[in-house]
Each structure stands twice: as structure tokens, then as C-alpha cells.
Amino acid sequence: MNILITDKQSRFTIDPDDLRRKAQKILDMMNSAGRELSVLIVDDIEMTELNRNYLGRDRPTNVIAFPMQEGAFSQINPGLLGDVVISSDTAYRESREGGIDFETRFLELLVHGILHLLGYDHEQSEADAAVMEEKSEMIMSAISGGPQTP
């Protein structure tokens, strides 16, 4: 199992080993322990570029998931789950707006992104959204903490 962590932002100190352990716990809980995952941490500027280029939205978002198990070439490497991109700036802003700490919000976004890679979707129906929310809550209750703040 390989979890690649790339931190391209400089505002927050995020412990890659801690993040890797938490990502592994999430994958273990979802019976996906043998899958490869990439986590990219960016600022709002880079997230806006990614959102514009890949989703046609000219604004930052909190998390984007790029699944590698969909499409014509999905069977080339069945162990490759995909990429989760998280904007630390948006995570921080949402944590302040929601009255929770940055670490918790960051972990929620990691869980959300990994669930998307595993095929969960909250945009197609209320029933799907409820299933995804239930999985997210179950994982969050089992994992405490998150990346370290400055």
C-alpha cells in the first residue's frame, strides 16, 4: 500500500506521517487497505486553477477527488484508487465558519475525498447523500485528531 502526500502550500504545518496514518485508517475501515492513494494539499490559488481546468468552475473549493477506477483505462492498475486534493485555505475558512478546529475540518475533507474515490456520491440523490454522510460520520467517530496547525 502506498499513500503519497504532497504539500504544496506553506500557510499551515501539516504532518505528512500523521496524515498518511489517518488515510490508511480510512482505507482500512473501507476495506481498501491495498489501494494506492495520493493526497495533494494546495492553497486557494492552485485549487481555483484545478477547479477551473477540470470542473469548469472558476473558484476554489474545499476538496476535489480524481478517481482512477473510472473510465476507459480504469483496469490498467486496479490498485490505484486516485487523488484527493484539499485546499488548506478553504479548510481553514470553513473551520472558522463552522466553529470547529482546522484539524477536524481537514480530516472531514480527507474522508469526503476518499469516499468519492471509493464511489460514494452525494450529488445524485438524497439517498446517496445520506449513505455518504453516514459513512463519513462513522469514520470520523473512529479517527480523532488531524494535521497540526501552526
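Quick rundown of the values:
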item: Rel. contact order, % - alpha carbon contacts under 8 angstrom, at least six apart, the chain; result: 26
item: Those aspartates and glutamates that a straight Cα-Cα span of less than 19 Å connects to Lys22, excepting residues fewer than 8 apart in one chain; result: Asp7, Glu36, Asp83, Asp101, Glu103, Glu108, Glu133, Glu134, Glu137
item: The chain - charge dipole about Cα centre, Lys and Arg +1 at Cβ, Asp and Glu -1, debye rounded to 20; result: 300
item: Share antiparallel - DSSP beta bridges, the chain, percent rounded to 5; result: 30
item: Selected from Ile14, Ile114, Ile45 as most flexible by GNM, with the chain as the system and alpha-carbon contacts under 10 Å; result: Ile45
item: Fewest-first sequence of His116, His122 by Cβ atoms within 10 Å of each Cβ; result: His122, His116
item: Residue (of Met132, Leu110, Leu40) at the positive-pole extreme of the range 3-142, dipole from beta-carbon charges; result: Leu40
item: Stokes-Einstein D for the chain, Kirkwood Rh over Cα pairs, 20 °C, 1.002 mPa s (µm²/s); result: 137
item: Paired Rg and Dmax values of the range 1-68, which use every Cα atom, in angstrom; result: 13.4, 35
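Values in this text are rule-based calculations from the coordinates and carry no lab data. Treat the numbers as computed from the prediction; the structure is a model and nothing was measured. Counting neighbours? That spans all protein chains shown, and the Cβs are built from the backbone with ideal geometry, glycine included.
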